[in-house]
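Worksheet: one structure, shown below.
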């Protein structure tokens, strides 16, 4: 199949591993899915400490379930990506550990306080779900199938995040104040979640023309603001003065792009943002620390017998 | 030789198991599958897989998950009484469906 035919046929779930697809398509799909897979993994690492730090047993259980889900999403997505034949799973995991793999801007920032968790668990996950729901109609069928399972699970993540926000914003004045401060810190990053506007996006046109991407960065950001600005206000969060955002007469959100730190965004995109390097190294250390597990499994000399397996419940 | 058959109704949908055929080789298995399983119901694609290549693990071998009450990982637990984004609503209805099936199992 040549690229013109791909563009002509491009529709939801149109292409599967049975199709002979041009390299340009396979490379673009790999870049997109690998980025998504890496983001699932790095997001899980960001939230993992809160299995301990969360203030109640219910919250700890939910965080533990959520981290388990996110790692699972990463696994699904690496599978969907490796089927394209451009990169192996090992290459993608090695690149992530070595600081070459790219992932979502928000997951480059350290998260240390519990009051920060709804910024990721509600707003970032809410933004992610807006995007993921549209990707159930992507043209690469294995990616769409992975999104079916991800979206099935993700509703719990977003509502759990909202529940934390609700609790904090109904808490003591101190809690409310600290939550507002965390919101002010994370808000511009969340606005940048969808990346640069369409006219400045490097990969959008091609990915859209072959049906990989179903909605543009701008459209998704509009849909996000429509849904989540009223939510933030409902819980008593004040939208920060900067970046300046307002709704125009046609009901479209207008964001003053110059109020956002795009230099920082592109430094992050190159994996060179200093505070985030620690998180990439953390993943590398984790990868090395469990190398013995992979070695043992692949050595093929696992003793027979023992306990029957217990499926993850 | 037995070949398990998986049918996909429409492009982009899942291949789901629909039966098996007796055939001496892959080529014949594909032809039999097309005749036996592709004629009456809408079919976009069929997979045939040698039965002995299918691994199976069942509830005699292992205790499967999904039966323990883990309310904390279901959307329905978080009763927020706010409007949800449409994709969150969709996720919740899929989870309600799965939870109902879990109760029936």
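Coordinate-derived values only; no laboratory data. Remember, it's a predicted structure, so these values are computed and weren't measured experimentally. In this analysis, Cβ positions are derived from the backbone assuming ideal geometry, glycine residues included, and neighbour counts consider all displayed protein chains.
Worth a mention:
- Counting, for every residue in B:5-15, the Cβ atoms of other protein chains within 10 Å of its Cβ and taking the mean gives 3.
- Distance (nanometres) between label positions extended 7 Å along Cα→Cβ at residue A:203 and residue A:250: 2.9 nm
- Angle between chain B longest axis and helix B:86-104 axis [Cα atoms, degrees, rounded to 10]: 70 degrees
- Exposure proxy ranking for A:284, A:247, A:215, based on other Cβ atoms within 10 angstrom of each Cβ and starting from the fewest, stands as A:247, A:284, A:215.
- Relative contact order (percent, whole number), chain A, Cα cutoff 8 Å, 6+ residue spacing: 21 percent
- At R0 = 56 Å, FRET efficiency that the Cβ-Cβ distance of residue A:226 and residue B:59 yields, to 0.05: 0.75
- Computed from Cα atoms, the angle from the helix B:26-37 axis to the main principal axis of chain B rounds to 60 degrees.
- Shape class for chain B: oblate, because the ratio a/c of the largest to smallest gyration tensor axis (alpha-carbon atoms, square roots of eigenvalues) is 1.5 or more and b/c is at least a/b.
- Inter-centroid distance (Cα atoms) of the stretch B:3-48 relative to the stretch A:1-39, Å: 26 Å
- FRET E, pair residue B:34, residue A:1, Förster distance 30 Å, beta-carbon r, rounded to 0.05: 0.80
- Two-decimal Rg to Rh for the protein assembly as shown - Kirkwood Rh, Cα set: 0.98
- Take each residue of peptide A:220-227, count the partner chain Cβ atoms within 10 Å of its Cβ, and average: the result is 1.
- Working from label points 7 Å from Cα in the Cα-to-Cβ sense, the residue A:173 to residue A:23 distance is 6.6 nm.
- Most fluctuating residue given options A:212, A:178, A:77, as computed from a GNM of chain A linking Cα atoms under 10 Å: A:178
- Choice from A:188, A:12, A:275 showing the highest fluctuation, given a GNM over chain A with Cα pairs closer than 10 Å: A:275
- Summarising the label geometry, the points placed 7 Å from Cα in the beta-carbon direction at residue B:68 and residue A:8 lie 5.5 nm from one another.
- Our note on the geometry: Cα centres of the stretch A:250-271 and the stretch A:111-189, 19 Å apart.
- Each semi-axis of the equivalent ellipsoid for the stretch B:2-53 is √(5λ) with λ an eigenvalue of the Cα gyration tensor; in descending order they amount to 18, 11, 8 Å.
- Helical mean residue ellipticity (222 nm; -39500 (n - 2.57) per DSSP H run of 4+; nearest 500) of chain A: -19500 deg cm²/dmol
- Peptide B:69-77 - average C-beta neighbours from other chains (10 Å radius): 6
- Whether the stretch A:191-286 is rounded, prolate or oblate, judged on the alpha carbon gyration tensor where a/c under 1.5 counts as rounded: oblate
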